Structures are given as structure tokens and as C-alpha cells.
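> The structure is given below, and queries will be raised subsequently.
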Amino acid sequence: AALKDGLRSQVSAALKEGRVTPTELCQRCLALIKSTKFLNAYITVAEETALKQAEESEERYKRGQPVGILDGIPIAVKDNFNTAGIETTCASNMLKGYISPYNATVVQKLLDQGAVLLGKTNLDEFAMGSGSTDGVFGPVRNPWSYSKQYKEKSVPKSHSEDSESNWVITGGSSGGSAAAVSSFTCFAALGSDTGGSTRNPAAHCGVVGLKPTYGLISRHGLIPLVNSMDVPGILTRCVDDAAVLLGSLAGHDPKDSTTIQDDFKPFELPNLTDVSKLSIGIPKEYHVPGLSSEILALWSKAADLFKNAGAKVVEVSLPHTRYSIVCYHVLCTAEVASNMARFDGLEYGHRSDMKDSTESMYAATRREGFNDVVRGRILSGNYFLLKQNYEKYFVKAQKVRRLIANDFVKVFRSGVDILLTPTTLSDAAPYTEFIQEDNRTRSAQDDILTQAANMAGLPAITVPTALSERGLPVGLQFIGRSFQEKQLLTVAKWFEKQVQFPVIQLEEVKRHDNSVFQHQKSASFS
């Protein structure tokens, strides 16, 4: 019961006071990982390493010298961040068995703060996807598929249909991290966000997903997808916890030239009581085809919530948003083609047994190592980068990207503080329905509300808002000004307090391991 509200206020205090030890906390999370194995949230569980780190943390607490607020806190990391001594696969045959000699900067910072690394989470191969269904280790199942809330609302289409065929996706590509946080197996997780890959699964799994300003957190050690848009993302069960992690991760890194030069000062979020000085922008272009009536109604209700509390709510225009998906496709695939060139079978990762020639070995290695989605993006990207196409596609897309970014600048200069938008078009789709369309079509649809923030490099956060008619989570997105994370998170925290999103009731986990679930249910940090 001591572990109710958040990392800052409760868990850290419970550890300091000895009401729970880091080892007990770690063991309970590891037990829950085992009992939720059917979710397929983790690719690698580093049990031995985690217990060793928890023991070291326990010693520090005994000496009264914890290194920080995250000391002894179990966390998980998406499997496209390098981790020394722990396999990093990107959910691809290309990197199966690859063990990095170094930690990504964000991983190292968490470990330096005393966090306990439980393992690496599942994703779409090389983070290319929006469902966490296209990795070599299989799809991730949304914990809400097994919740009491969903089961009470979902009606099987036939007598033979059961939970094995009725489960819904997590969204992607950071679906493993979102599922891990949602199912209580860890207290926070790292994802990556290139076009919405942290916010999309966070919205579908009922957790908070933060994409910081580009350059605020180091990308060193994050295996790149699109260098100019990739950002390490943060997934937690409440906004306060996202602020805690941001404070531990943000700041300059000499190993990443794109990070800010100034020191970052961690902040504690104030409890906002007066929103009358706030101006909330509602971008009309986000009312897109395919947006469900349910999400539209929720978006309107959220705007009314701010208006009734005294905030100024204005409709704004981001006219170039409609070009963003096409623009993103060109820039994304072009950078993917460049980044994937390093996987040639010579230095690390998979190498084919084909020995006819170096060229045939290259070709066979990439054919065996990459799935169809990755190979398709490489082909598209190389086409756009051909000499005869470079100006027509790549350069033009860069110019459109600037126009998209300028739209946001103009809106924020007009006096708007925060933009309020939907995060996803609908609640999570059933897996059997989701896989009817190809990856490219799905990604284009699912990224439409999130990727403009990546193009502009702006901070954005999705906050779980309500349950849909099917009993599944729906989130709304807040987009802020560059490097104004404190204002963004303060507003998100106020909104989170107003909506009072319900705690997941995991019926399936109860059956798998009742004692573990009962503890973790009391440790619901939302």
C-alpha cells in the first residue's frame, strides 16, 4: 500500500525507509515478467544482471547513500538501445546474438542513477512499424486484451472465438516497452520515437508516452532509423514519473553532436491550479479522414475541459500537415537506406554462408537478415537518392519539412502555449484485423497524428484519457514549444488529474500468479 502514487513521492521513499528492498522489488517484477510471458513484451530478460544490480542498490540504501531517486527502481529498455553484456537484436535476424561492447548514453545514465535493468523489450524489426507485429520474435500482445474492462465489453463474433484470437495490438514500434509498463512488470521503460513510436503504443496501452525535443536527450547508442528525427522516448504510468526520467536523461553528450550544449536542470512539476493564462491550440488539420467519432468526441470534451477551467481555447491552422505523411515517407526511407548499409555481414551481426563472391555474400546476408519491410524501405530510399531523383524527391521533401516546422513556429508565436490533438485514429485494433493491411499502409495511417512533431523536432506527450466503448485505452496528445518540457508536462499533469484514467484490472495475470498481481495492483502508479 506504500507504493501507490509515483517514483518521486512513494517508491523512492519506501526504499529509503526500508518498507521494501530493491531486491524484493526486482524479484516481484521478474516474477510478473514470467507470469505475463504470453504478452511477448520482452525479448531478453536479464535476471542475473538485474538481481546483482538490485543487491548493489540494497547495499547503498543500507549505508544511507542511494545515488538518486531511481536507485533500485526496475526499468526496461527497448531492444534497439545498445546494452553492454546484454544482447541487442532490434528484433531482427540481422543482429541475433549481437552483444554491444558499450551502453547507450541513456542506458548508462539510468545505471549511474542506480536503476535496475530488467531486460530488453520487443519491437517491430529495426523499429519499422506501428503495431509491434513485424519483429522476428513475434507480435506483442496488449495487456488490455486480458483486462476485466475489455472482456466485459468485447463480444466474441462466434462461439469458437476466444481470447487467443480476440487480443489487440499494442501499437508500435515501442510496443514491448508500453506493454511492460502497462502490465506492471517495470516502473518505467525506454522507447524510441521517430514518427510516433513511443506515443502510439503508449496511447493504445494506457500509459504516458513522452517524446522530448530533438537534441534534449542523447541518441548515442540508439541504433538509428532516421537520424534527423529519432529521439529516445519515455514510457511511465504517470506524468510525474516521466519528468523524473527526463531529469535523469536530458543534457549534453559529447558523443552526440546534436545534443544541446547547455546543462539541463531537472525539475519537479508544480501542481497547476489556475489554467486561465494558458492558450490551448486545436489544429483543424488534425481532424483527418479515418478519425473515429469516439476519439473526435473525446478530443472535443478535452478542449471543453480546458475552456471551462478558464483557459483560452483557439482553433489554429497547420496548413502543410497534409503533406507530412508523403514527406515523411521520402525522408524516412532515404535515411533508412543510408543507415542500413552498415549491415553487410562483415563487421558484426549475421553473415551468410554464401562464399561465391563478396557481392553474393552481401546480397545473401541482407536477404536472410532483413525482413520484407526493411528491404522494402531500403529499396524505396535508394530510389529517392538516385542522382536523377535526388532533387525531385529528397530535396523537395526537405523543403516541405521546413514549411511544416514553420507552421508550428507561427502558431506558437501567435500566443498559443500548447497544442491539443488526438494521438491515434482509434483504439487498438484486433491483431487479426491489423495484419490484413501491409506495414507501409498501416504506418502511414497510424503516424498521421504524431510524426509532424518529429519533423519539427518538438516535444510531445500522450496522456491516457478514457476507455473506449470496447473497454480499451484512448490517449490525447499535447505538443509544446521546443525545449519547454516543463510547461508541457505541467499542463499534461493537470489534465491527467482531471481525467482520472482507470487502473487496468488484469484478470489473466490473476489466474497466472495471484500473489504477484495482488502486490503489483497496489503498485499502480497512475
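> Within the set of pairs 6 or more residues apart or between chains, which connect a residue that is within 16 Å of P66 (Cα to Cα) and free of Cβ contacts under 8 Å to residues at least 40 places away in the same chain inside the range 103-121 to a residue that is of a type in the set (D, E, K, R) and surrounded by 23 or more Cβ atoms within 10 Å (Cβ to Cβ) with Cβ atoms less than 8 Å apart?
Note: no pairs meet the criteria.
Rundown of residues vs (1) loosely packed, with under 13 Cβ neighbours inside 10 Å; (2) closer than 18 Å to K96 by Cα; (3) within 24 Å of the chain's Cα centre (by Cα), yes/no style:
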{"position": "P283", "(1), (2), (3)": "no, no, yes"}
{"position": "L305", "(1), (2), (3)": "no, no, no"}
{"position": "T321", "(1), (2), (3)": "no, no, yes"}
{"position": "V330", "(1), (2), (3)": "no, no, yes"}
{"position": "A337", "(1), (2), (3)": "no, no, yes"}
{"position": "G349", "(1), (2), (3)": "no, yes, no"}
{"position": "S352", "(1), (2), (3)": "no, yes, no"}
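> Going through the range 354-395 one residue at a time, which ones are open to solvent by 80 Å² or more (accessible area, probe 1.4 Å), modelled with pLDDT of 95 or more and not in a helix (DSSP H, G or I)?
Of everything in the range 354-395, those that are open to solvent by 80 Å² or more (accessible area, probe 1.4 Å), modelled with pLDDT of 95 or more and not in a helix (DSSP H, G or I) turn out to be K387, Q388.
> Mind checking which residues of the range 261-273 are closer than 15 Å to G247 by Cβ, out of contact with any strand residue (DSSP E or B) (no Cβ under 8 Å at 6 or more places or on another chain) and hydrophobic (A, V, I, L, M, F, W, C)?
Once the filter is applied, which keeps residues that are closer than 15 Å to G247 by Cβ, out of contact with any strand residue (DSSP E or B) (no Cβ under 8 Å at 6 or more places or on another chain) and hydrophobic (A, V, I, L, M, F, W, C), the range 261-273 yields F267, L269.
> Any chance the range 181-192 includes a residue that's surrounded by 24 or more Cβ atoms within 10 Å (Cβ to Cβ), of a type outside the set (V, I, T) and assigned to a helix (DSSP H, G or I)?
So far as the range 181-192 goes, yes, one or more of its residues are surrounded by 24 or more Cβ atoms within 10 Å (Cβ to Cβ), of a type outside the set (V, I, T) and assigned to a helix (DSSP H, G or I).
> Which one of these is outside any helix (DSSP H, G or I), β-branched (V, I, T) and in contact with a Ser or Thr (Cβ under 6 Å, 6 or more places away or on another chain): I33, I69? So that I can check it myself, show each step before the final result.
Numbers: I33 fails: outside any helix (DSSP H, G or I).
The conditions single out I69.
> Kindly indicate whether any position in the range 31-53 is open to solvent by less than 60 Å² (accessible area, probe 1.4 Å), among the acidic types (D, E), touching a helix residue (DSSP H, G or I) at 6+ places or on another chain (Cβ under 7 Å) and modelled with pLDDT of 95 or more.
Looking for residues that are open to solvent by less than 60 Å² (accessible area, probe 1.4 Å), among the acidic types (D, E), touching a helix residue (DSSP H, G or I) at 6+ places or on another chain (Cβ under 7 Å) and modelled with pLDDT of 95 or more, one finds none in the range 31-53, hence no.
> If you don't mind, there's one more thing I want to ask. Within the range 476-489, can one find any residue that is surrounded by 21 or more Cβ atoms within 10 Å (Cβ to Cβ), among the basic types (K, R) and outside any loop (DSSP other than H, G, I, E, B)?
no
> Kindly evaluate G196 against the criterion of being part of a loop (DSSP other than H, G, I, E, B), on the phi > 0 side of the Ramachandran plot, within 10 Å of the chain's Cα centre (by Cα) and touching a residue at least 24 places away in the same chain (Cβ under 8 Å).
Yes, satisfied.
> Quick check, is K120 buried (at least 24 other Cβ atoms within 10 Å of the Cβ) and in contact with a Phe, Trp or Tyr (Cβ under 8 Å, 6 or more places away or on another chain)?
Working: buried (at least 24 other Cβ atoms within 10 Å of the Cβ): yes; in contact with a Phe, Trp or Tyr (Cβ under 8 Å, 6 or more places away or on another chain): yes.
In short, yes.
> Here's another thing I want to ask about it. Scanning for something touching a strand residue (DSSP E or B) at 6+ places or on another chain (Cβ under 9 Å), under 19 Å from G172 (Cα atoms), charged (D, E, K, R) and not in a helix (DSSP H, G or I), does the range 412-428 turn up at least one residue?
Yes, the range 412-428 has at least one match.
> If the requirement is being surrounded by fewer than 24 Cβ atoms within 10 Å (Cβ to Cβ) and at pLDDT 95 or above, which of these qualifies: P232, P224, P212?
P224
> Filter the range 291-303 for residues that are open to solvent by 60 Å² or more (accessible area, probe 1.4 Å) and under 24 Å from the mean Cα position of the chain (by Cα) and give the result.
E294
> Out of E48, E58, report the one residue that is part of a helix (DSSP H, G or I) and in contact with a Pro (Cβ under 8 Å, 6 or more places away or on another chain).
E58
The rows are residues; the columns are (1) modelled with pLDDT under 95; (2) in a strand (DSSP E or B); (3) within 20 Å of the chain's Cα centre (by Cα); (4) among the hydrophobic types (A, V, I, L, M, F, W, C).
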| residue | (1), (2), (3), (4) |
| --- | --- |
| N103 | no, no, yes, no |
| V107 | no, no, yes, yes |
| K120 | no, yes, yes, no |
| F126 | no, no, yes, yes |
| G135 | no, no, yes, no |
| W144 | no, no, yes, yes |
| S158 | yes, no, no, no |
| E164 | yes, no, no, no |
| G171 | no, no, yes, no |
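> So, one more: Pick from E437, E496, E508: which is over 17 Å from W144 (Cβ atoms), touching a strand residue (DSSP E or B) at 6+ places or on another chain (Cβ under 9 Å) and either open to solvent by less than 50 Å² (accessible area, probe 1.4 Å) or at pLDDT 85 or above (or both)? Outline the logic, then answer.
On the way: E437 fails: touching a strand residue (DSSP E or B) at 6+ places or on another chain (Cβ under 9 Å); E508 fails: over 17 Å from W144 (Cβ atoms).
Only one candidate passes the filter, namely E496.
The values are calculated or read from the model by the stated rules, or taken from the named source; none is laboratory data. Just so we're clear, the structure is a prediction, and the values are computed from it rather than from any experiment. Because the Cβ atoms are built from the backbone with ideal geometry, glycine has one as well, and the counts that use them run over all protein chains shown. SASA here: full protein model, heavy atoms, side chains in, ligands and nucleic acids out. Shrake-Rupley method; radii C 1.70, N 1.55, O 1.52, S 1.80 Å.
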